[in-house]
Amino acid sequence: MKKIKGKRVISFLLTAVFLLTAVPQQVKAEEYWPEGIKTDSKSAIVMEVNTGTILYEKKIHDKHYPASITKIMTVLLAIENCDMNEIVTFSADAVYKNEGDTSNIARNLDEELTVEQCLYAVMLESANECAYAVAEHVGEKLGGDYRTFIDLMNQRAKELGCTDTHFNNSNGLPDEDHWVSAYDMALISAAAYKNKEFKKIAGTTAYTLPKTNKCKSEYPMHNHHKMIYPFRGDDAHLYDYCTGGKTGYTTVANSTLVSFAEKDGITLVCVVLDANSPSHYTDTRKLFDYCFDNFQALNIAKSDKEFSQDSGKNYGLFNNNEPYVKMDEDAYIIMPKVAQFSDATVKRDESTGEKGTVAQLTYTFADREVGHVSIVKTGAKVEDNYFTEQAAEPDNKAENVILIQPVWIVVILFIVVTTILLILLIKKMYDNFYYIRHRMEVKKLNKERFKEAKRKKRYRKKDRIFK
């Protein structure tokens, strides 16, 4: 019975050892996402530019007239398809169809401006004739006309993932076939902001057009976006972290606004549609403050030790090879300030299709995509001078077999081996203990038997004497 009880104790100990040394399961904190705030705009969104994370949303797929924020797409396409020094000549359609009672800078027929000068006029003064002239220029350059450019706008929108957008002009003047959603406008604006030339133009507060072939005086221009410049002396809406944007207004669209802001490593784009003035500014400020107060950027390379790799020479047989793969050291995820990096869930996709990319890690939290990072090949060569008998493989074949071995595989193997060794050690200790105890009991029994035999022998001897 004692031996059976001992086995139960050993079983309990082994179970405890296994539980203590088992692979630790990551316990997720409650996936809390901050509640949004109330806004007056009919539709609004805040998106983190580099991760695509949506931090705030309000009817983001409803379709609205965009007004002049349309020009963000116009400027982006002009930058992507033109050299900034190309000459734009203003046609009759550009001048006479887009001036009058609309936003313009009074250009003349056959006037010549560079693409760069036109784009500053479009973004700062919202010049409709400049947007039209640029669209004509790009369309003709592509072998077509103005409508060719409009088709390009819709094609580019589709490439960016827009599903609730249809452009029918280049400047946003009222048109029943011209609409966007807040979500699509955020996608377009985020793509534009990643372009250095666009970012510079959108964040410029003042620009002066020089004399031209039709205008003998300079033309000073100022940004109409009141969060970065006190247009017409109105400084009530200036915002320290705002880095640019685009205004829009028509009677049918109401006020629309796209704004960019940067703080604490986070880059935001805010889009508000169909707002009554000045709600487009007050809503944007409240949304920026809400996002900066409740969210944080966490660097992936510094936080994800499972996949990050040292950039020094610490690979290879002699610890002297460059790493074969690396991740973007600047990539980050967006998380609520109450959460930690480990609370996010990571998924690895090895079928990205991008050249040089081994895999992409996508991070999610609270059913939202909060960031991603690509793991790319460094181009490091495997030195084969140690194994001279092996034939060198072509570079492309060597790259195709590069695999990422996560650290957790090594950890699991170590835990399994350690557990087996502990089990064997405990069993050995138990066997030794049982053997020693048994020997002691036998020795004690033999000693008692010896005493008993000796006592009986002594009595027999006394009996013989007395007889």
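The values are calculated or read from the model by the stated rules, or taken from the named source; none is laboratory data. These figures come from a predicted structure and were not determined experimentally. Every residue, glycine among them, receives a Cβ derived from its backbone with ideal geometry; neighbour counts consider all protein chains shown. Note: accessible area is taken over every heavy atom of the protein model, side chains too, but ligands, DNA and RNA are not part of it. Shrake-Rupley method; radii C 1.70, N 1.55, O 1.52, S 1.80 Å.
Data overview
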quantity: Hypothetical label at Ala206: residues of region 237-271 whose amide nitrogen lies under 18 Å (7 Å Cα-Cβ projection); calculated: 238-239, 244
quantity: Reach of Lys443 by Cα under 20 Å, taken over aspartates and glutamates that are not fewer than 8 positions away in the same chain; calculated: Asp431, Glu452
quantity: Cα-based shape type of region 51-111, given that a ≥ b ≥ c are square roots of the gyration tensor eigenvalues and the cut on a/c is 1.5; calculated: oblate
quantity: Length released on extending from Asp151 to Asp40, taking residue separation times 0.36 nm less the Cα-Cα span; calculated: 36.6 nm
quantity: Cα→Cβ-extended label distance, 7 Å offset, between Asp175 and Asn213, nm; calculated: 2.7
quantity: Rough spin-label spacing in nm, given labels placed 7 Å along Cα→Cβ, for Leu422 and Arg455; calculated: 5.0
quantity: D_trans [Stokes-Einstein, Kirkwood Rh over alpha-carbon pairs] for region 113-227, 4 °C, 1.567 mPa s, µm² s⁻¹; calculated: 84
quantity: Full-extension gain in nm, Arg368 to Glu441, via 0.36 nm per residue minus C-alpha separation; calculated: 19.5 nm
quantity: When each of Lys38/Lys63; Lys226/Lys302; Lys141/Lys199; Lys158/Lys214; Lys194/Lys226 is checked by Cα-Cα distance, pairs over 30 Å; calculated: Lys226/Lys302; Lys158/Lys214
quantity: Length gained when the stretch Glu197-Asp83 is fully extended (0.36 nm per residue, less Cα-Cα span); calculated: 39.9 nm
quantity: Calculated FRET efficiency for the pair Thr251/Thr345, C-beta based, R₀ 45 Å, to 0.05; calculated: 0.45
quantity: For region 49-179, convex hull of alpha carbons as volume per residue, Å³; calculated: 119
quantity: Average accessible area per residue (Å²) across region 218-277 - probe 1.4 Å, nucleic acids and ligands excluded; calculated: 41
quantity: Anchor Lys337: aspartates and glutamates whose Cα lies under 18 Å away (excluding residues fewer than 8 positions away in-chain); calculated: Glu30, Glu31, Glu35, Glu48, Glu262, Asp264, Asp289, Asp293, Asp304, Asp367, Glu369
quantity: Percent carbon-and-sulfur accessible area, region 33-137, ignoring ligands, DNA and RNA, probe 1.4 Å; calculated: 43
